[in-house]
Amino acid sequence: MEKSVQNLKEAFAGESQANRKYLAFAEKAEREGFPQVARLFRAAAEAETVHALNHLRALKAIQSTPENLKEAVSGETAEFLEMYPHMIASAQAEGHKDAERTFNFANEVEKVHARLFQKALENLTNKELVDIFVCPVCGYTVEGEAPDKCPICNAVKKLFKRIE
Ligand code: FE2
Ligand code: FE2
Ligand code: FE2
């Protein structure tokens, strides 16, 4: 059983990556004037999501919302405490500017995510619906209203995407 659990985790990671990659490829195909190829990439991306979610369910990794929020807080926290600081240091040491920039964006935003998830956990009985906006450049996530300028990457307010 242990081998299969490990395999499910690996397959979940791979299928999740394929989903995002194919969506990026679809956008590119659309821009390059290949709408049928774009459609094929979107179809495969959809199917990879089905596979990823099937693997996740087989792992019994989707629990109750309070448990899922706790899991999210600990995942985000590990990313900004451990994972990204090390990756940023390596990127600096190697002079990989693009890696440093993207790791920095993610590192700063994961701190915000951890805080938002923690707050949601503490306010679970509050059923009020509040707007949430995401910066399309760095992923900065904010409740209420989009800022005039993104505090992490300086993107302007009108670029922010409101999440349904
Ligand atoms: Fe697949
Ligand atoms: Fe995050
Ligand atoms: Fe941003």
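The values are calculated or read from the model by the stated rules, or taken from the named source; none is laboratory data. Owing to the predicted nature of the structure, the values given are computational and were not obtained by experimental measurement. Using ideal geometry, Cβ is built from the backbone for each residue, glycine included, and neighbour counts are taken over all protein chains shown.
Table for the structure above
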{"read-out": "Criterion (within 15 Å of the chain's Cα centre (by Cα) and surrounded by 13 or more Cβ atoms within 10 Å (Cβ to Cβ)) met by exactly one of 96, 113", "value": "113"}
{"read-out": "The stretch 64-91 - residue that is in contact (Cβ under 8 Å) with a residue 40 or more places away in the chain and within 11 Å of ligand 2 (Cβ to nearest atom) and, of those, surrounded by the fewest Cβ atoms within 10 Å (Cβ to Cβ)", "value": "72"}
{"read-out": "Qualifying positions in the stretch 110-136 - of a type outside the set (A, V, I, L, M), within 14 Å of ligand 3 (Cβ to nearest atom) and outside any strand (DSSP E or B)", "value": "110, 111, 113, 135, 136"}
{"read-out": "Filter result (out of contact with any Phe, Trp or Tyr (no Cβ under 6 Å at 6 or more places or on another chain), more than 16 Å from residue 7 (Cβ to Cβ) and not aliphatic (A, V, I, L, M)) within the stretch 38-59", "value": "39, 42, 46, 48, 49"}
{"read-out": "Residue 36 being farther than 29 Å from residue 112 by Cβ, out of contact with any strand residue (DSSP E or B) (no Cβ under 7 Å at 6 or more places or on another chain) and assigned to a helix (DSSP H, G or I)", "value": "yes"}
{"read-out": "Counted residues, the stretch 13-55 - those being in contact with a helix residue (DSSP H, G or I) (Cβ under 7 Å, 6 or more places away or on another chain) and not hydroxyl-bearing (Ser, Thr, Tyr)", "value": "18"}
{"read-out": "Only listed residue being in contact with a helix residue (DSSP H, G or I) (Cβ under 6 Å, 6 or more places away or on another chain), modelled with pLDDT of 95 or more and either of a type in the set (Val, Ile, Thr) or closer than 25 Å to residue 70 by Cα (or both), chosen from 122, 100, 143, 110", "value": "110"}
